[in-house]
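Okay, so here's the structure we're looking at.
The values are calculated or read from the model by the stated rules, or taken from the named source; none is laboratory data. Here the structure is a predicted model, which is why all the values come from computation and not from measurement. Cβ atoms come from the backbone with ideal geometry, glycine included; neighbour counts cover every protein chain shown.
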Amino acid sequence: MPGAGGTGSTGGAGGVGAAEVRERARALLAACPPRTTGRRDFLRARFDAGLAWVHFPAGLGGLDAPRALQAVADAELAAAGAPDNDPRRIGIGLGMAAPTILAYGTPEQRARFLRPLWTGEEVWCQLFSEPGAGSDLAGLRTRAVRDGGDWVVDGQKVWTSSAHTARWAILIARTDPDVPKHRGITYFVCDMTDPGVEVRPLRQITGEAEFNEVFLTGVRIPDAHRLGAVGDGWRVAQATLMNERVAIGGGSAVPRESGMVGPVAATWRERPELRTPELHDRLLRLWVDAEVARLTAERVRQQMAVGTPGPEGSGLKLSMARLNQQLSGLEVELLGEQGLRYGDWTMVRPGSVDFYGRDAGYRYLRAKGNSIEGGTSEILRNIVAERVLGLPAEPRTDKDVPWKDLPR
Amino acid sequence: MPGAGGTGSTGGAGGVGAAEVRERARALLAACPPRTTGRRDFLRARFDAGLAWVHFPAGLGGLDAPRALQAVADAELAAAGAPDNDPRRIGIGLGMAAPTILAYGTPEQRARFLRPLWTGEEVWCQLFSEPGAGSDLAGLRTRAVRDGGDWVVDGQKVWTSSAHTARWAILIARTDPDVPKHRGITYFVCDMTDPGVEVRPLRQITGEAEFNEVFLTGVRIPDAHRLGAVGDGWRVAQATLMNERVAIGGGSAVPRESGMVGPVAATWRERPELRTPELHDRLLRLWVDAEVARLTAERVRQQMAVGTPGPEGSGLKLSMARLNQQLSGLEVELLGEQGLRYGDWTMVRPGSVDFYGRDAGYRYLRAKGNSIEGGTSEILRNIVAERVLGLPAEPRTDKDVPWKDLPR
Amino acid sequence: MTTAKRPSPAVPDLLYSEVEDDLRAAVRAVLADRCGPAAVLGRIETAEPYDPGLWKVLGADLGLAGLLVPEEYGGQGASAREAAVVLEELGGAVAPTPFLGSAVLAASALLGCAEAGAPDLLGRLAAGEVTAALAVPLTAAPGDAFPQGVRADAAGRLTGRVTSVVDALGAAALVVPAAGPDGPALYEVAADAAALAAPVSLDLTRPLADLTLDGAPGRLLAAGGAARAALERALLTGAGLLASEQLGLAQWCLDETTGYLKQRHQFGRVVGSFQSLKHRLADLWLEVVSARAAARNAAGALAAWDDPAEVALAVAVAQAYVSPAAVHAAEEAVQLHGGIGMTWEHPAHLYLKRAKADEIALGTPGRHRRALAGLVDLPAAAG
Amino acid sequence: MTTAKRPSPAVPDLLYSEVEDDLRAAVRAVLADRCGPAAVLGRIETAEPYDPGLWKVLGADLGLAGLLVPEEYGGQGASAREAAVVLEELGGAVAPTPFLGSAVLAASALLGCAEAGAPDLLGRLAAGEVTAALAVPLTAAPGDAFPQGVRADAAGRLTGRVTSVVDALGAAALVVPAAGPDGPALYEVAADAAALAAPVSLDLTRPLADLTLDGAPGRLLAAGGAARAALERALLTGAGLLASEQLGLAQWCLDETTGYLKQRHQFGRVVGSFQSLKHRLADLWLEVVSARAAARNAAGALAAWDDPAEVALAVAVAQAYVSPAAVHAAEEAVQLHGGIGMTWEHPAHLYLKRAKADEIALGTPGRHRRALAGLVDLPAAAG
């Protein structure tokens, strides 16, 4: 997958080394001293200096350098007090849109989109999932119909984070209902300021709305904003999603009692009056599971570090979803009367999930989504069974039938 | 299903009541006083008096009476010290062969087989399962080829209890490989003394051999011993198996702490030095599960007693398998050092399963079979999902293909 | 060293009578009419904890307010068996009504004080004129020590604090366990003599209240052993019948999820045809079937009230089994609905929150297992 | 009231080195050649507990007998990491060999007594000339009180009984913990000075022995704190490395079952295409993957032996996790093989019996969780 950048060891052949990266960082700092340079100006300059994502091509924020050297640039700039681009706020752009644009975009698209994406001047969101196309994303119904030099898009998307702040979206839509579902999809960049785009907050069981529903009514997208060939959208989307999985499954070494086990262990230590023998054994079981999940993640990290990633990473999300759910469920029960209460149901729109800023009830409810979002646990088990264990797929009846003839 | 007698409320229209049954029992006792009558003679006379299975037709051991009246006869005769037919020893004949012969047998077959079957003079076994046809019984390979007035049978059967003591077997074999699998099967009565029948004990993981493998080589079965039409064997077998499920799922009210929970609760009470907090909670959980399973079975019994059986019975076997396995596993762990030991691996051939005559290790190992024998737990879950919850069957590819063309 | 296990008494009738079926149908019809998911969702963030119109029909017109109250006090004189059927339906609708707090907990406590001034309040409660609340935290469990958080002086003035009381908002009267001058006592206190605060509840359909009493005048209902017995009986009744609410909730989750999976298509197939989901629903069905037997057994034991230890055992078994089964059912409902189950607009979350709160209410499953250990002679490890 | 949790040390290298890969290949080749399922099944009911020819190749030729013994005593000087790899392979073959009893338990105990007369026995053990056994029940767990079942007099004569000792049958020497005149002590006793009885073992591939000592002459190896430390280190090493045996066993069960389900057809389909079975195998795979991280972590901690509390923690975590995972894997193997898995002729039962016995060996999972409670400051409920 050219340029998708899914592994850590790829990089350009330019032979750029750590010394050059460091040197360029110092030059940037000298030219644009962080104390006296505005944030936006500094970030633009950093992009232009090739220090945004050093493994990207020169001219597109990178240096064709090995990906691992990004850490050198980051450290050098952070040490000098330089501003960063608030990567949590623009995660979808950085993690999903950018690699896809790099891999499948035209030179014009790359030049137009990547710089403001990286600096955060333009926020991106993702218009993939639909109410009727969750696990079976390829079954999507949103239609895009050619009309001269434009495409006219109608449909409904869901589970879209940042839609209300986004300037652009990556979008997949059905351009040909007469061919089997995987073959009739095309990938677009959608302008979120188009008058046909309506964004509504999607309130969750926690009371808040992290996500949105997006209604698309006669949205016009110029053909120049198509990414990849007509009908090739499924393949393009796979590149996007692979980057999502890498982002979810990766991560670095974490200390013991990180994650959901932390609050419940702390409550146990701080409130002896809540302890019972039965809860004790359940807590110890889950503590063991959490520690083993930590070690398993660490083993995956070690494998990646020596360049031999194994299939073990596929399981991490499964483990974490189960653990988060069981630990938060135990925590609510342990808290007893306090567990009957909830912090606040007021509808708010958080920028990102914060498991630890709120109470046990919030953790319990929010963790239920961990086995649904980003690939349900059921789909992940299918993937493990088929791709890791080599078990045969179930009989499929939907691969060779025109999309319009599928039962729904 | 005519005469299969699967429910408690059916019975003949003859209008025979409890008084007449009691009167006939007394007449039998008067004519054949148990103290002075040989066991075989008494049982034959009981059969001839219609008191064998009162709901069977007159002349075939019954009185066309309601099934519930059997208890009246049994009680009357037992009170007088009459011998019984040792039903555990001849369970397959009574529970499976007899209802099938009644439902599908010719008058000659009924007259020939039922009486010695009931008296126990002729033991029956069942030749259904094959090494390659377990859950998918209809995929069986044993062939029966017509040769004049006989059928010549070749194949291998497995999991046959009583094969080494049986005089007759109920057998299903493939008579037409060119039609879909369910349609090419025929049902026979097989003479176990035929020289082509070889019975080998099948040793289990407990060390003993409750079951046998049966090798059939050129076994000749006269067409007169066919039960039902040629090619109709699957339907006939369904009647047999329904009776098996009834037998497994039924049963009467049992006291608290019956079953596998008994030995482990007793050990807990008797050996305080083995107790730990963790095992305590596990024991209590399983104690609760066992008590609830008992109540669930009792509720099924109450439903049957008022003539409104619900689907709940389908779940009892699933519950019991899980409980038996978890309780025996806990028991071995609770016993600690003693759990590392086993009574005796010597290959013996028990007449029936005895969970309580042996040690915890035996229970642990033998209980593993509870989720396999008589329908695996996986198949039972399919049945519950499809027949009780009405969920759709999975796509099937094997129903309309000639048997010979199926992958295997 | 061997100690004998308890003898095994006859199992109560675990089926539903025709009267019970009729009662169920009547309650169900009212709930279908006035308490659908949209109505419940529309109300949960309003100031009104429950629909007074709904409760008027259920409590007064159908007589549920006094279902457990003998006819001599103006009630229906029904047993725990009928109350259990009502709770199945209320649980299946996550209906916000004061049935559990007033008609079960408070009424049961008052019935234990029927010699004192209780009949008056019982009569008004049974008529559906007022509701009452039992002033204990919803986490109180049978077998707990008598509460000491409220003290009563010789003049019958009560001071103290009780948190997380169910159905106290909107109640006219409180039945308050208090440490009186001569030991445990139960008092009747007018709700407006107490300061009530409403914390935010995890279970949106069952608001809680924190009560503060500062010299509030109380009328003595029972003292000493009678007070203890009345409170214990109320808690046993509440915990045992809560199992039926949990059963109804679990049944709804199973039915709704099964129905959804029969309709939803993914990969060109009905989702409910995927075997792993079928097996999970089959397992859940078996849990619900088992929960029904356990809940009916508790209701039957409470209705008969022969051997108190057998009642306690039946309640503990029911709570230990049905509580986690209901949570499991609600969690599976959310998961198997996929994304839609995570949304506020779908009612699944109401069931999840009720199930999780019910798990803690009136004794956690672990608490009930510990009670069982004593009842069935399976003692804990020493030390 | 808050107490600090333990600081989080660096995680050891959890991967396999090239040397370890080579060692694994060598052991695997020998086992494939001499210790296939048929060979194991053929031996279990004979009088010979293990194949002396197999052990000669493994123990002497490959040097496994002295794998953990430093080169100065004639061993290989390898670490727990390499021993763990060997145990993975032995577990994967349910190989009847005295590796765990002699090369791990007895050798580790002797290494703790290396100042005394131990080097002589260590040398013979390392050369594969003899095997030795640590005279504790296989159920002994790290953290147990020092055994008191055998008493030693001032003349070094030992009297007492030790049951369920692993790999004592066929051993030349016994390392016996005893209550000596000055407290805890470890003695070397010639095996022929003890009366050995062989009970019937649940694990057919790991025979046990009951030892009776009646004034048997012993040679003092260590006393007091040194004896305690040597025994504790042996038990920690045994328990920690047992996790790798359990891992190998679980991996075999997963691989064998996956392979079987890829071949077996029912209903015109490969059985392994049924989704419920696929999901179960996926879950099992995840357990095995996790078990590998836990077992490697324990082996790494034992090899480094920096902070004793961290070693104990890593061992407890590994045992608490991997023991039940191995039992689960073996139980799934039997179930998913269907009828054939219940037969004596199929090797699945050997793995089930080993897994269940291993669960009890060197501390049950519950025992290790209790140990963990102290190590990570999650104390039990008071009372």
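Structure above, values below:
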item: Whichever residue in segment C:304-318 is in a helix (DSSP H, G or I) and more than 15 Å from B:Trp287 (Cα to Cα) and, among such residues, is nearest to the other protein chains (Cβ to nearest Cβ); result: C:Glu310
item: In segment C:252-283, the residues that are among the aliphatic types (A, V, I, L, M), part of a helix (DSSP H, G or I) and within 10 Å of chain A (Cβ to nearest Cβ); result: C:Val271, C:Leu277
item: Enumerated strands (runs of 3 or more DSSP E) restricted to segment A:89-189, each holding at least 2 residues that are farther than 18 Å from A:Glu210 by Cα, modelled with pLDDT of 95 or more and in contact with a helix residue (DSSP H, G or I) (Cβ under 7 Å, 6 or more places away or on another chain); result: A:150-161, A:168-174
item: Filtered residue count, segment B:190-202, keeping only those that are assigned to a loop (DSSP other than H, G, I, E, B), surrounded by fewer than 18 Cβ atoms within 10 Å (Cβ to Cβ) and not small (Gly, Ala, Ser); result: 3
item: B:Pro83 of a type outside the set (Val, Ile, Thr), touching a residue at least 40 places away in the same chain (Cβ under 8 Å) and in a loop (DSSP other than H, G, I, E, B); result: yes
item: Selection count where residues are touching an Asp or Glu at 6+ places or on another chain (Cβ under 8 Å) and more than 19 Å from D:Thr237 (Cβ to Cβ), scope segment D:358-375; result: 3
item: Residues of segment C:357-383 satisfying the condition of being within 8 Å of chain A (Cβ to nearest Cβ), part of a helix (DSSP H, G or I) and aliphatic (A, V, I, L, M); result: C:Ala357, C:Ile360
item: Of residues in segment B:309-335 being modelled with pLDDT under 95 and among the charged types (D, E, K, R), the one nearest to B:Asp281 (Cα to Cα); result: B:Lys317
item: C:Asp210 surrounded by fewer than 24 Cβ atoms within 10 Å (Cβ to Cβ), within 14 Å of another protein chain (Cβ to nearest Cβ) and touching a residue at least 12 places away in the same chain (Cβ under 8 Å); result: yes
item: Pair list, Cβ under 6 Å, 6 or more apart: segment C:272-296 residue in contact (Cβ under 8 Å) with a residue 24 or more places away in the chain and more than 30 Å from C:Val311 (Cβ to Cβ), other residue not acidic (Asp, Glu) and not in a helix (DSSP H, G or I); result: C:Leu281/B:Leu389
item: Condition check for C:Val317: hydrophobic (A, V, I, L, M, F, W, C), surrounded by 24 or more Cβ atoms within 10 Å (Cβ to Cβ) and without any contact (Cβ under 8 Å) to a residue 24 or more places away in the chain; result: no
item: Some residue of segment A:340-353 being aromatic (Phe, Trp, Tyr) and more than 7 Å from every other protein chain (Cβ to nearest Cβ); result: no
item: Helices (runs of 4 or more DSSP H) contained entirely in segment D:1-111, each with at least 1 residues that are in contact with a helix residue (DSSP H, G or I) (Cβ under 8 Å, 6 or more places away or on another chain), within 23 Å of D:Ala304 (Cα to Cα) and not basic (Lys, Arg); result: D:18-34, D:80-92, D:107-111
item: Any pair with Cβ under 7 angstrom, 6 or more apart, that starts in segment D:357-383 at a residue that is in the same structural domain as D:Leu249 (by TED's automatic domain parsing) and in contact (Cβ under 8 Å) with a residue 12 or more places away in the chain and ends at one that is among the small types (Gly, Ala, Ser) and assigned to a loop (DSSP other than H, G, I, E, B); result: D:Leu362/D:Ala140; D:Leu362/D:Ala141; D:Gly363/D:Ala141; D:Arg367/D:Ala141; D:Ala371/D:Gly143
item: Criterion (within 22 Å of the chain's Cα centre (by Cα), more than 7 Å from every other protein chain (Cβ to nearest Cβ), within 26 Å of B:Ala133 (Cβ to Cβ) and crowded, with 24+ Cβ neighbours inside 10 Å) met by exactly one of D:Ala330, D:Ala291, D:Ala299, D:Ala325; result: D:Ala330
item: Boolean, C:Gly215 is surrounded by fewer than 17 Cβ atoms within 10 Å (Cβ to Cβ), touching a strand residue (DSSP E or B) at 6+ places or on another chain (Cβ under 8 Å) and among the small types (Gly, Ala, Ser); result: yes
item: Filter result (more than 7 Å from chain C (Cβ to nearest Cβ) and part of a loop (DSSP other than H, G, I, E, B)) within segment A:358-395; result: A:Arg358, A:Asp359, A:Glu373, A:Gly374, A:Gly375, A:Leu389, A:Gly390, A:Leu391, A:Pro392, A:Ala393, A:Glu394, A:Pro395
item: Scan of segment B:84-111 for residues that are surrounded by fewer than 15 Cβ atoms within 10 Å (Cβ to Cβ) and aliphatic (A, V, I, L, M), ordered by number; result: B:Ala111
item: Considering residues of segment D:115-168 that are charged (D, E, K, R) and in a strand (DSSP E or B) only, the residue farthest from D:Asp192 (Cα to Cα); result: D:Arg151
item: Filter result for D:Tyr73 (within 19 Å of the chain's Cα centre (by Cα) and of a type outside the set (Asp, Glu)); result: no
item: A:Val254, sole failed condition from (1) hydrophobic (A, V, I, L, M, F, W, C); (2) in a loop (DSSP other than H, G, I, E, B); (3) within 14 Å of chain C (Cβ to nearest Cβ); result: (3)
item: Enumeration of residues in segment B:267-277 that are of a type in the set (D, E, K, R) and either in a loop (DSSP other than H, G, I, E, B) or within 14 Å of chain D (Cβ to nearest Cβ) (or both); result: B:Arg271, B:Glu273, B:Arg275
item: Answer from C:Ala295, C:Ala303, C:Ala291 - the residue that is at pLDDT 95 or above, under 27 Å from C:Ser164 (Cβ atoms) and in contact with a Ser or Thr (Cβ under 6 Å, 6 or more places away or on another chain); result: C:Ala295
item: Within segment B:278-336, considering residues that are in a helix (DSSP H, G or I), away from chain D (no Cβ under 14 Å) and charged (D, E, K, R), the one farthest from C:Glu287 (Cα to Cα); result: B:Arg301
